[in-house]
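Inspection log for the structure reproduced underneath, given as structure tokens.
The values are calculated or read from the model by the stated rules, or taken from the named source; none is laboratory data. The structure presented is a predicted model; accordingly, all values stated were derived computationally and were not measured. As a convention, Cβ positions derive from the backbone with ideal geometry for all residues, glycine included, and neighbour counts pool all protein chains shown.
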Amino acid sequence: MSYPSRVPIAGSHADHSRTFHSASSGRPEPHLSHPAGLPQIPLPAQTSARSSDPARVRQPGKENVKKSPMTSQEKSRKKAFDSLAKHINAFVALLPAISVYFAFVPSTHAWKTGSDDIYRKTAVLLLEDLQNMIPDLDGKGIADDKVKDASLSIKSAQLRVPTYEDAMELGPDFLPPMKTFDAIGELMEQLNGLQETIRNLENLAFSLRPLPSPSQFGTSRHWKEMQLDDNHAIHCHRPAYRRPLVPVKLKHRAFSNFFHIMNQATPPTASQLERFRVAATALGNKLNEALRQEATRDSHIGPILREIFPETDIYKWTMQNRLIDGKAVHDLVYGYEAVFDGKKVVVPFIMIEVKLLPGAHGDGYMQVSRTYDAFIRSTPSISLSGAPCFAISISGSDLKVCGAFAESYPMRGVVTEIDLFENATASCEISLNDVEHLAKVLFALKSAVECLSKTPLHCAPLRISNTPVVFDTFLDEYGKTRPLVFGRPFDESRCSIYYTVTPADCMVKLTFRPYGSNVHKILHTANLAPKLVGASNIPALEATATVMARLLPPAKDANGWMTLHDLFRVSPELVLNRQGAIFKKLELIVEVLKKRKVVHGDLRADNIMIKVSCDDHDIVEPVEVNVVDMGWSGQVGFAYYPADRDEQVGYPGKAGGLIGVEDDMTMINVWKQGINRHSNS
């Protein structure tokens with residue numbers, strides 16, 4: 001299913017971390033595998049430096065869900081979609097026949113080596129692309145989420161293979177009988193016919209249709225459909241792989257302020273909470289009343305919220321009655337009026353979706369997510385600032401306080417991101433802890449919104465995408481506070497390691513579990529790791545930014561560093577010729593770790609740096625090796641693997657289990673065995 005294009009916006013060491021966080025309030029449970037029971041992020045929220053590719057997460061649309069009756073237009077589109085999948089199957093099934101017909105061409109000929117793509121583009125490259133998209137072609141059809149990619153690839157392909165005249169250059173000894181080229185001609189006619197049919201069906205199956213309204217998006221049928229589309233999906237953790245690369249709580253000071261208050265060791269005083277306790281009790285009374293219309297509830301809670309967030313000449317509460325994709329939407333908004341894209345809009349600091357009962361007529365969390373998303377789509381230029389907002393879903397007496405942010409992604413434009421910050425319950429019983437907790441939530445929200453109002457969005461400076469800006473200082477090795485300014489992410493598809501603007505020539509590793517600083521220092525002392533410059537730890541956010549010296553790559557006039565993985569990929573002969581010296585260095589690393597009774601946990605070629613000459617043509621003598629990424633490192637018996645590690649790597653031990661004292665050597669031996677297999681092949 002295709003939707004209108006997103007609005008693109010401007011602006012915008014070897015680690016592959018998928019950073020995300022718990023959808024709960026953030027109060028961690030002790031990790032089961034941790035002997036000391038030290039508080040860690042709960043298992044579902046642990047971040048792995050080697051997480052599985054999110055594309056492998058089971059996607060929606062394949063689950064057995066009860067669907068409402070389809071309209072005639074939807075039935076026609078579904079029929080075209082099914083037919084499209086069948087024709088793609090038929091197209092892919094025919095492609096291998098090309099290589100059979102051209103078996104007479106020597107394997108050393110330019111057509112097959114790639115120097116002349118007259119044959120390879122259709123017979124090899126197109127087939128490989130489609131087989132990668134459709135790995136399980138078994139006659140049962142193609143997964144829904146792959147149909148569009150495959151159809152686009154086929155639509156744009158230029159189908160061509162060598163003709164009889166082209167083949168004559170091979171000489172009479174290789175030239176097959178004419179009937180072979182007759183068969184090739186018939187095959188190409190079939191492929192061209194299928195290609196034209198696929199073009200027509202693709203237009204029908206993916207014809208433009210409006211995005212679902214917030215109320216529609218609240219139903220599983222509609223949100224699952226929209227969330228399948230990479231160009232329009234909201235990063236709101238449904239399904240799990242649709243999540244922000246960097247938690248929303250790290251993207252604005254107002255969000256971190258909320259978490260600081262909710263998780264600080266010293267709670268607000270009784271006098272500070274007094275008026276918020278009154279408001280929490282009043283909300284409990286109103287939200288537990290039996291009502292028939294959601295609009296009535298909006299009018300009931302409005303006066304209570306105005307007591308906490310009073311109106312001024314600038315900031316006001318409004319009931320927004322708008323049309324979104326042809327559907328009427330009513331949402332309670334607190335914000336200010338400004339001009340964006342030549343029109344007056346109410347910029348929301350708080351956006352509220354109210355439902356009489358949990359689950360009644362859709363999911364309130366999904367509805368408020370789509371309401372914020374619709375606002376961002378209708379006001380493109382506001383996304384340059386990130387447009388931070390607190391999106392609140394009220395379903396019956398249950399409240400969900402969320403952080404909403406408009407993030408920019410390369411090649412995709414603006415993406416709406418929503419993270420659940422805190423759950424609360426509005427109770428009628430003042431004796432219950434629910435009232436006290438809700439009062440604290442309202443107090444934290446008040447403080448956070450005041451932080452938002454200090455920098456109006458139309459005055460906000462341009463920002464680098466997906467940066468955890470709340471880390472603006474760090475403590476250096478001497479305990480002094482230093483400024484920290486993030487540069488761009490090292491890998492924009494991962495966003496766990498960043499270049500720095502300040503301090504210069506450094507990198508920052510972002511982690512959501514304790515970083516192995518002790519292990520890092522041990523290895524640096526042995527000249528086996530870059531210098532640890534400092535760190536910034538924010539316990540309330542359960543996040544740490546570790547600053548280390550950058551291992552600069554080779555330049556024209558200076559030696560530099562490459563990962564062992566990259567060096568073997570571009571110059572395998574260098575690694576093979578020096579594997580003995582390299583292996584001795586790796587053994588030394590393990591020896592140093594064992595002597596200090598610590599483990600690294602992720603000693604693979606991606607995390608091992610080797611110094612090479614300025615021209616990339618040799619390994620510096622004597623061999624120098626450094627280890628990076630101590631995200632899993634720690635003391636033997638305490639350090640553990642993340643629950644979401646990439647099992648395809650072949651790690652020893654169990655996911656979520658302790659890192660064994662021999663596991664580092666096991667990983668080194670795995671690398672050595674791979675080198676030996678390559679040298680013997």
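Descriptive notes on the structure:
- Condition met for Lys556 (over 13 Å from Met630 (Cα atoms) and out of contact with any Pro (no Cβ under 6 Å at 6 or more places or on another chain)): yes
A quick yes/no check of all residues on (1) assigned by TED's automatic domain parsing to the domain that holds Asp566; (2) within 27 Å of Ala543 (Cα to Cα); (3) under 27 Å from the mean Cα position of the chain (by Cα):
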site: Lys585; (1), (2), (3): yes, no, no
site: Ile610; (1), (2), (3): yes, no, no
site: His617; (1), (2), (3): yes, no, no
site: Val636; (1), (2), (3): yes, yes, no
site: Ala639; (1), (2), (3): yes, yes, yes
site: Asp644; (1), (2), (3): yes, yes, yes
site: Lys654; (1), (2), (3): yes, yes, yes
site: Gly674; (1), (2), (3): yes, no, no
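- Among the residues making up segment 79-129, those that are closer than 20 Å to Tyr164 by Cα and out of contact with any helix residue (DSSP H, G or I) (no Cβ under 9 Å at 6 or more places or on another chain) are Val100, Ala103, Thr108, Ala110, Ser115, Lys121.
- Per-region count, segment 194-253, residues part of a loop (DSSP other than H, G, I, E, B) and not acidic (Asp, Glu): 29
- Of the helices (runs of 4 or more DSSP H) contained entirely in segment 488-591, those carrying at least 2 residues that are surrounded by fewer than 18 Cβ atoms within 10 Å (Cβ to Cβ) and modelled with pLDDT of 95 or more fall at 517-525.
- Residue match in segment 265-276 (condition: buried (at least 17 other Cβ atoms within 10 Å of the Cβ) and modelled with pLDDT of 90 or more): yes
- Check on Asp664, at pLDDT below 95, in a helix (DSSP H, G or I) and within 32 Å of the chain's Cα centre (by Cα): no
- The listed residues are Lys251, Lys286, and the only one of them that is modelled with pLDDT of 80 or more, surrounded by 13 or more Cβ atoms within 10 Å (Cβ to Cβ) and farther than 29 Å from Pro468 by Cβ turns out to be Lys286.
- Any hit, segment 618-626, residues being modelled with pLDDT of 90 or more, more than 24 Å from Asp663 (Cα to Cα) and not in a loop (DSSP other than H, G, I, E, B): yes
- Residue list for segment 310-343, filter: modelled with pLDDT under 75 and polar (S, T, N, Q): Gln320, Asn321
- Members of segment 548-600 found to be farther than 30 Å from Val501 by Cα and in contact with a Phe, Trp or Tyr (Cβ under 6 Å, 6 or more places away or on another chain), listed by number: Val575
- Test: residue in segment 527-547 that is assigned by TED's automatic domain parsing to the domain that holds Ile659, of a type in the set (D, E, K, R) and either closer than 26 Å to Glu647 by Cα or in contact with a helix residue (DSSP H, G or I) (Cβ under 7 Å, 6 or more places away or on another chain) (or both): no
- Residue in segment 266-276 that is closer than 27 Å to Ala387 by Cα and in contact with a Ser or Thr (Cβ under 8 Å, 6 or more places away or on another chain) present: no
- Listed conditions (1) touching a strand residue (DSSP E or B) at 6+ places or on another chain (Cβ under 8 Å); (2) within 17 Å of Leu564 (Cβ to Cβ) are all met by Glu621, apart from (1).
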